[in-house]
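The values are calculated or read from the model by the stated rules, or taken from the named source; none is laboratory data. Nothing here was measured: the structure is a model prediction, and the numbers come from that model. Cβ: placed from backbone, ideal geometry, glycine included. Neighbour counts: every protein chain shown.
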Amino acid sequence: MAEPEESTRPLTTGDLLAAARAGFRRLHPAEAATAITRGARLVDTRPHFQRAADGEIPGAIVIERNHLEWRLDPAGLARIPEATGHDVAWIVLCDEGYSSSLAVASLHRIGLDNATDVIGGFRAWKQADLPVINPGRPTAPRLPGN
């Protein structure tokens, strides 16, 4: 009996997002704010220019997307002190909630199953009138051990 043929159609970004988001429950901004008060850690992955232009969320840990897995992996040498185990509840935030979904899927692959993201990202957070600050200089991204 012949094996069924696999689709050779390339995935679209929509396909990637749908697959990523199927693996976890995303949070509305108000739900994320409540989770933070209960101990979840908010990680802002937006680049410097977006944080400079639009502001920041007080208390958010700034880790640009290209370093995210290395900073949050509790077994990694480049982790931040908050990355104490696989049970930490991480909430990832990008500008609109797209790249954060892909980032969360990647975090799940390294065992961080309590990671999620914010529906609509920073823009939705701000639109929901949740706290935003505009520091004179954007917060520097976190480095290993600090």
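Numbers for the structure displayed
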| quantity | calculated |
| --- | --- |
| Those residues of segment 50-77 which are small (G, A, S), over 15 Å from the mean Cα position of the chain (by Cα) and surrounded by 15 or more Cβ atoms within 10 Å (Cβ to Cβ), in sequence order | A52, G55 |
| Which numbered condition P29 fails, given (1) under 15 Å from G121 (Cβ atoms); (2) in contact with a Ser or Thr (Cβ under 8 Å, 6 or more places away or on another chain) | (2) |
| Segment 36-49, subset free of Cβ contacts under 8 Å to residues at least 60 places away in the same chain and outside any loop (DSSP other than H, G, I, E, B), residue surrounded by the most Cβ atoms within 10 Å (Cβ to Cβ) | V43 |
| Residues (within 17 Å of W90 (Cβ to Cβ), among the charged types (D, E, K, R) and out of contact with any Cys (no Cβ under 8 Å at 6 or more places or on another chain)) located in segment 103-141 | R109, D113 |
| Test result for A75, more than 16 Å from R26 (Cβ to Cβ), free of Cβ contacts under 8 Å to residues at least 40 places away in the same chain and in a loop (DSSP other than H, G, I, E, B) | yes |
| Test: D113 is closer than 22 Å to R38 by Cα, part of a loop (DSSP other than H, G, I, E, B), at pLDDT 95 or above and within 13 Å of the chain's Cα centre (by Cα) | yes |
| Residues located in segment 87-103, provided they are without any contact (Cβ under 8 Å) to a residue 60 or more places away in the chain and either of a type in the set (D, E, K, R) or over 11 Å from L72 (Cβ atoms) (or both) | D87, A89, C94, D95, E96, S99, S100 |
